[in-house]
Structures are given as structure tokens and as C-alpha cells.
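Report on the structure given below.
The values are calculated or read from the model by the stated rules, or taken from the named source; none is laboratory data. Small disclaimer: the values here were computed from a predicted structure and weren't measured. Ideal geometry is used to build each Cβ from the backbone, glycine not excepted, and the neighbour counts take in all protein chains shown. When the accessible area is computed, the model is the full protein with side chains, heavy atoms only, and any ligands, DNA or RNA have been set aside. Shrake-Rupley method; radii C 1.70, N 1.55, O 1.52, S 1.80 Å.
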Amino acid sequence: MWKQIIIATIIAGCLDIAAACLQAYVSNGVSPDIVLKFIASGVFGKQAYSGDIKYILFGLAFHFLIVFACVVTYFFWYTRIRFLRKSIWFSSLIIAVIAWFVTTRIVIPLSKIQPPAFDLNKAIVSILILYFCVGIPIALYAKYHYSK
């Protein structure tokens with residue numbers, strides 16, 4: 001099981017951070033290093049923007065830790081909640097919405113990042129990225145693992 005969890009984490013984490021960096025660049029001209037420093041700033045505050053590569057690496061590590069938590073949580077509940085096994089597409093949506101909610105409504109407010117005002121368009125884009133880049137890979141890998 002741990003092999004599938006690690007694989008799902010790597011795939012979902014890479015897809016998600018790539019999509020987040022692309023979205024940040026296209027919408028605001030923000031480079032990937034700033035995206036990763038933003039993630040690190042949740043723990044380190046404004047000093048994460050100092051230019052030191054360690055903050056970029058911390059941001060990447062924190063990102064993958066969050067994705068890992070999503071994967072482990074889904075794998076845990078997959079066998080316990082029957083409707084998760086019915087539809088990969090619906091399960092992926094559940095993963096995306098919960099990941100978005102936990103990140104924006106719990107993690108960010110508890111971090112050193114100033115929570116932005118709610119923006120419906122940004123929320124929809126974020127949930128779509130999470131759906132395709134995190135939800136689908138996690139749901140597929142769980143189904144694959146448990147169908148053996």
C-alpha cells in the first residue's frame with residue numbers, strides 16, 4: 001500500500017505544483033520560485049522571500065507533505081466509505097473540494113500567510129486544478145491498489 005501512496009503523492013504533487021506555477025505565471029507573471037517561497041512563507045513568514053534556496057526547497061517539501069496527507073487520508077477512507085469506490089470522477093471532486101477547503105479555510109488562516117478575500121473565480125480555478133492534478137491521480141491509484 002505504501003508504494004501506491006508514494007507514487008500517487010509524487011504524481012499528484014508534481015502535477016499540482018506544475019499547474020500552480022503555470023497558473024501563477026499566466027495570471028500574474030509570478031515565477032515558480034516565488035510560488036514555492038509563498039508556500040514556505042506559511043511557516044517562515046516574510047523571510048521566506050529572502051532569496052535563499054532553502055525556502056524554495058522548504059516550500060516544495062511543504063507542498064508534497066500536504067499532498068501526502070491528502071493521499072493517506074483518501075486511502076484510509078476509501079475502504080470505509082462505500083460511495084468513494086463508485087465513481088473516480090465524483091471521488092476526485094470530493095478530494096479537490098476538501099483539499100481546497102482545508103488549505104484555504106484552515107491551513108492558510110493558521111499560517112503566517114495573510115488570507116486573501118474570497119474570490120469565486122480563483123476558487124473555481126483552484127478546485128479545477130486540484131480536481132485534475134490531485135483528485136484524479138489519487139482516486140485512480142486508490143482504485144488500482146484496492147482492486148488487486
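Estimated from helices alone, the mean residue ellipticity of the chain at 222 nm is -23500 deg cm²/dmol (sum of -39500 (n - 2.57) over DSSP H runs with n ≥ 4, per residue). In the assembled protein chains, residue 89 presents an accessible area of approximately 150 Å² (probe radius 1.4 Å). Taking all protein chains as they are arranged and a probe of 1.4 Å, the heavy atoms of residue 141 leave approximately 60 Å² accessible to solvent.
How would you order 37-44, 4-11, 23-30 from highest to lowest mean count of nearby Cβ atoms within 10 Å?
Working: 37-44: 20.1, 4-11: 18.4, 23-30: 12.4.
So the order, starting with the most tightly packed, is 37-44, 4-11, 23-30.
Fully extending the segment from residue 18 to residue 147, taken as 0.36 nm per residue of separation minus the present Cα-Cα distance, adds 43.5 nm.
Long hydrophobic helices in the chain, taken as whole DSSP H segments with a C-alpha length of 27 Å or more on their own axis and mean Kyte-Doolittle hydropathy at least -0.5: 2-28, 53-78.
In this Cβ point-charge picture (+1 for Lys and Arg, -1 for Asp and Glu), the chain has a dipole of about 580 debye about its Cα centre. The separation of the stretch 34-55 from the stretch 76-106, counted between C-alpha centres, amounts to 29 Å.
Taken per residue, the accessible surface of the chain reaches 60 Å², heavy atoms only and a 1.4 Å probe.
The residues 68, 90, sorted by heavy-atom accessible surface at 1.4 Å with ligands and nucleic acids left out, run 90, 68 from largest to smallest. Mind counting lysine pairs for me in the chain? Cα separation below 28 Å, and the two need to be 8 or more apart along the chain or on different chains. Going through the chain pair by pair, I get 15.
Of the residues 78, 129, 25, the one whose Cα sits farthest towards the positive end of the charge dipole of the stretch 1-135 is 78 (charges of +1 on Lys and Arg Cβ, -1 on Asp and Glu Cβ, taken about the Cα centre). When the Cα gyration tensor is reduced to axis lengths a ≥ b ≥ c, the ratio a/c is 1.5 or higher for the stretch 3-60, and with a/b not above b/c it is classed as oblate.
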